[in-house]
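Q: Next up is a structure, given as structure tokens.
The values are calculated or read from the model by the stated rules, or taken from the named source; none is laboratory data. Note that the structure is predicted; figures quoted are calculated from it, not measured. Don't worry about glycine lacking a Cβ; one is built from the backbone with ideal geometry, like all the others, and counts go over all protein chains shown.
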């Protein structure tokens with residue numbers, strides 16, 4: 001039965017997600033689109049419901065879904081994690097510390113605006129005193145640092 005859904009599987013996924021809309025018109029349109037799509041595939045809503053209720057996953061499918069879910073969750077968590085001393089350089093390689101990132105213009109070779117240069121000077125002083133930048137400050141420092149010339 002699931003092979004009958006193969007040609008319309010992606011379309012059905014999009015339609016089912018539209019059913020969660022908070023707009024009544026979107027929900028009705030999605031329900032109608034679901035019925036049309038099933039009819040074109042030679043199915044009806046009862047067969048579709050039965051497929052959902054009786055679907056079993058092979059061990060390989062379950063393992064793949066588990067791995068994909070873990071990877072997506074880790075990526076999502078990493079992207080939301082504020083930058084700290086220990087994850088400044090997210091692309092690998094030697095991790096510079098905050099004072100190094102905030103070095104003055106002349107030592108990094110990064111072209112900075114007057115505001116960026118002043119900000120970097122201030123951040124360098126703060127970091128040398130042991131302070132960590134706030135997430136917003138860290139993001140700005142990383143943006144400036146990412147423009148540095150390759151070593």
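Residue-by-condition table, conditions (1) within 23 Å of residue 13 (Cα to Cα); (2) loosely packed, with under 12 Cβ neighbours inside 10 Å; (3) modelled with pLDDT under 70:
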position: 43; (1), (2), (3): yes, no, no
position: 60; (1), (2), (3): yes, yes, no
position: 65; (1), (2), (3): yes, yes, no
position: 74; (1), (2), (3): no, yes, no
position: 77; (1), (2), (3): no, yes, no
position: 108; (1), (2), (3): no, no, yes
position: 137; (1), (2), (3): no, no, no
position: 143; (1), (2), (3): no, yes, no
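Q: For the range 24-41, which positions are touching a helix residue (DSSP H, G or I) at 6+ places or on another chain (Cβ under 8 Å) and surrounded by fewer than 13 Cβ atoms within 10 Å (Cβ to Cβ)?
A: Within the range 24-41, 40 is the sole residue that qualifies.
Q: How many residues are over 16 Å from residue 36 (Cα atoms) and surrounded by 13 or more Cβ atoms within 10 Å (Cβ to Cβ) if we restrict to the range 5-23?
A: 1
Q: Taking the range 49-58 as the search range and keeping residues that are in a helix (DSSP H, G or I) and without any contact (Cβ under 8 Å) to a residue 12 or more places away in the chain, which one is surrounded by the fewest Cβ atoms within 10 Å (Cβ to Cβ)?
A: Once the filter is applied, the top-ranked residue is 53.
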